[in-house]
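Working notes, beginning with the structure itself.
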Amino acid sequence: MAVLTKGKVKTCEQLLQAFTGKPVNPEKIVFYGIGERDVYNISAPFEDEGERVIAGRVESRDSEHSNVYFFVKRNGEWVPRENAPVLELQDPFFTRIGEELVLGGVQIFTHPTIEGALGWRTVFYKGKCISGLKEFAKGPDGMKDLRLVELNDGTIGVLTRPQGEKGGRGKIGWTRISSLGELNINVIDGAALLEGQFIDEEWGGANEPHLLANGLVGVLGHIANFDKEGNRHYYPMVFALNPEKGELSDIELIATRSHFLPGPFKRPDLADVVFSGGLVRKSDGTADMYAGISDAEAQKITIADPFLKFEH
């Protein structure tokens, strides 16, 4: 297994200066059959009952109240799958644990103490297929970017993202459980933070962990900050994690907003937001990254497979 060594924490600005990648083939992914609403923060395509499916966040431009639809290609167009469930969630993600499809997303609710504000939590569903999904776990209130990955020994890695007293604006934590039945708020809250990934003024989270050929975990995620005007900047990034030793690699950027096609934004402060949805690794040494762009649309781009170097 590759030895992972981590240097000093790097800021978004330093990561941008070090970035030399050349993403290619930007493409907008257009969805039909949902009226005038936007589709963004999509998952990568995955197989379900013999066909490719994309889960996407669907909402009106002026609202945060969204639904997750499951889209399939019909006559060359991505449309909602007939008779598939529609979930009242944001930012869908998926993984497979044993024989189960595990799907999650962010559930919003009226904040219990702040008038007029929304709270949020991550909710998990599982089933043999999309049509059989049933809710089985919730994360702590106020936590997004909770992700699971099945490891070689059958245990399950849990990536967390506490904020506030423990995580500041948002840092990544890691723990392991032996089965999905062990996933609960106490376990999630108890996950140890991965050290030295973000300065306190910036934040980040995991979007999609990949079990690599040698047992390491390659993590697709994001790192973000505010500029002086209060605009948000979100950059897709990756790092690798040794689940046995807890070793980390440095965070590296894999694309920026400028590598994607121009398009609309939900609000002006979200114009420079790329939300890493998922990565499809390909046999030719490249990978397709699926992303939400500026909280208003979905695109994909082709990059050099960022995890290959960790598998050698």
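Computed from the coordinates by the stated procedures, all read-outs in this text should not be read as laboratory data. Since the model is a prediction, treat every value here as computed from it, not as a measurement. Here Cβ is always computed from backbone atoms with ideal geometry, including for glycine, and neighbour counts include all displayed protein chains.
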Checklist line | Sequence-distant lysines (8 or more away, or on other chains) whose Cα lies within less than 25 Å of Lys73 | finding: Lys28, Lys126, Lys128, Lys134, Lys282, Lys300
Item checked: Electrostatic dipole magnitude of segment 1-63 [Cβ: Lys, Arg +1; Asp, Glu -1; Cα centre; debye, to 20] -> 600
Checklist line | Summed side-chain charge close to Lys10 - residues other than Lys10 whose Cβ falls under 15 Å, Lys, Arg +1, Asp, Glu -1 | finding: -4
Margin query: If I build a Gaussian network model for the chain, linking alpha-carbon pairs within less than 10 angstrom, which residue out of Asn207, Asn75, Asn41 has the largest mean-square fluctuation?
Written below: Asn75
Next item on the list: Grab the other residues whose beta carbon is less than 10 angstrom from that of Leu248, score K and R as +1, D and E as -1, and report the net.
Entry: -1
Check: In the Gaussian network model of the chain, springs joining C-alpha atoms below 10 Å, which of Leu118, Leu159, Leu133 carries the largest mean-square fluctuation?
Finding: Leu118
Notebook entry, point to check: Could you state the number of Å between the C-alpha centres of segment 231-291 and segment 23-102?
Noted result: 18
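Taking the convex hull of the Cα atoms, report for segment 1-89 its projected area averaged over all directions, in nm².
About 10.4 nm², averaged over all directions.
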Notebook entry, point to check: Order of Thr113, Thr95 from fewest to most other C-beta atoms within 10 Å?
Noted result: Thr113, Thr95
Next item on the list: Give the order of Lys134, Lys73 when sorted by the count of other beta carbons within 10 angstrom, beginning with the fewest.
Entry: Lys134, Lys73
Check: By count of other Cβ within 10 Å, fewest leading, how are Asp288, Asp62, Asp227 ordered?
Finding: Asp62, Asp227, Asp288
Margin query: Below 18 Å, Cα to Cα, which aspartates and glutamates can Lys245 reach? Residues fewer than 8 away in the same chain don't count.
Written below: Glu150, Asp153, Glu195, Glu311
Notebook entry, point to check: Among Leu159, Leu148, Leu193, whose Cα sits farthest toward the positive end of the charge dipole of segment 134-205 (+1 at Cβ of Lys/Arg, -1 at Cβ of Asp/Glu, about the Cα centre)?
Noted result: Leu148
Item checked: Two-decimal Rg/Rh across segment 222-312, once Rg and the Kirkwood Rh are taken from alpha-carbon atoms -> 1.02
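Would you work out the charge dipole size for the chain about its Cα centre, treating the Cβ of every Lys and Arg as +1 and the Cβ of every Asp and Glu as -1, and quote it to the nearest 20 debye?
260
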Check: About its Cα centre, what dipole magnitude does segment 179-312 give when the only charges are +1 on Lys and Arg Cβ and -1 on Asp and Glu Cβ, stated in debye to the nearest 20?
Finding: 440
Check: What number, in nm² with one decimal, is the all-direction average of the projected area of the convex hull of the alpha-carbon atoms of segment 97-228?
Finding: 9.7
Check: For Trp174, what charge total do you get from the other residues with a beta carbon under 14 Å from its beta carbon, if Lys and Arg give +1 and Asp and Glu give -1?
Finding: +2
Check: To two decimal places, what compactness ratio does the chain give when its Cα radius of gyration is scaled by 2.2 N^0.38 Å?
Finding: 0.94
